[in-house]
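The values are calculated or read from the model by the stated rules, or taken from the named source; none is laboratory data. Remember, it's a predicted structure, so these values are computed and weren't measured experimentally. Positions of Cβ are backbone-derived with ideal geometry, glycine not excepted, and every protein chain shown enters the neighbour counts. When the accessible area is computed, the model is the full protein with side chains, heavy atoms only, and any ligands, DNA or RNA have been set aside. Shrake-Rupley method; radii C 1.70, N 1.55, O 1.52, S 1.80 Å.
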Amino acid sequence: MITYCTATTDDLPEIKALLNDAQLPTAGLEAHILNFILALDGEKVVGCAGLEVHQDSGLLRSVVVAPGYRAHRIGAKLTEGMIELAQQKSLTSISLLTETAQDYFPRFGFVQVTHAELPAALSASEELQGACPDTATAMLLKLE
């Protein structure tokens, strides 16, 4: 049975390993670890998602599910949890960058935008400062 919990700094090695296996960036992860949700199978981390908060904007990052656990709605539950967290923090939008999942996120209300249309506050994110390639698809979900 999969359970969900908030990450702590003790979870960093497992999160980094999961992200590295999926070839996703880990830059800036430590600064936002308390805004990460983990999916656990027993004590094993099998998925995670994080939210960077920059002023009134959020950046959804690091949504990943380990192979063998996909197609069980874990990614959807993690994404929904991040949207709920953003709403609790009274954010006005959530953005994301993706190279492979641009067809996945529209089901949650995300729409493709240009990088120039992303909230200016997100320029502080390491993901937008080069951790993600410029060719990544930008997406935005307005929460207002």
Quiz item: Taking GLU84 and the conditions (1) in contact with a Lys or Arg (Cβ under 8 Å, 6 or more places away or on another chain); (2) exposed (fewer than 13 other Cβ atoms within 10 Å of the Cβ), which numbered condition does it fall short on, given that it satisfies the others?
Solution: (1)
Exercise. Scan the range 36-46 for residues that are in contact with a Leu (Cβ under 8 Å, 6 or more places away or on another chain), open to solvent by less than 10 Å² (accessible area, probe 1.4 Å) and either of a type in the set (S, T, N, Q) or free of Cβ contacts under 8 Å to residues at least 40 places away in the same chain (or both) and report the count.
Key: 2
Self-check item: Qualifying positions in the range 109-127 - buried (at least 16 other Cβ atoms within 10 Å of the Cβ), of a type in the set (A, V, I, L, M, F, W, C) and under 14 Å from LEU60 (Cβ atoms)
Solution: PHE110, LEU118, LEU122
Self-check item: Residues of the range 47-67 satisfying the condition of being of a type outside the set (D, E, K, R) and surrounded by fewer than 20 Cβ atoms within 10 Å (Cβ to Cβ)
Solution: VAL53, HIS54, GLN55, ALA66, PRO67
Quiz item: Which of the residues spanning the range 56-76 are closer than 18 Å to THR98 by Cβ and of a type in the set (Lys, Arg)?
Solution: ARG61, ARG70
Exercise. For the range 110-118, indicate whether the set of residues that are part of a helix (DSSP H, G or I), at pLDDT 95 or above and among the aromatic types (Phe, Trp, Tyr) is non-empty.
Key: no
Quiz prompt | Contacts under 7 angstrom Cβ, first residue in the range 97-119 being within 16 Å of ALA76 (Cα to Cα), partner hydroxyl-bearing (Ser, Thr, Tyr) and open to solvent by 20 Å² or more (accessible area, probe 1.4 Å), 6 or more apart | solution = THR98/THR137; GLN102/THR137
Quiz item: What is the number of the single condition among (1) more than 20 Å from LEU143 (Cβ to Cβ); (2) modelled with pLDDT of 95 or more that ILE94 does not meet?
Solution: (1)
Quiz prompt | Residue that is surrounded by 15 or more Cβ atoms within 10 Å (Cβ to Cβ) and farther than 19 Å from THR98 by Cα, where the choices are LEU18, LEU12, LEU24, LEU29 | solution = LEU12
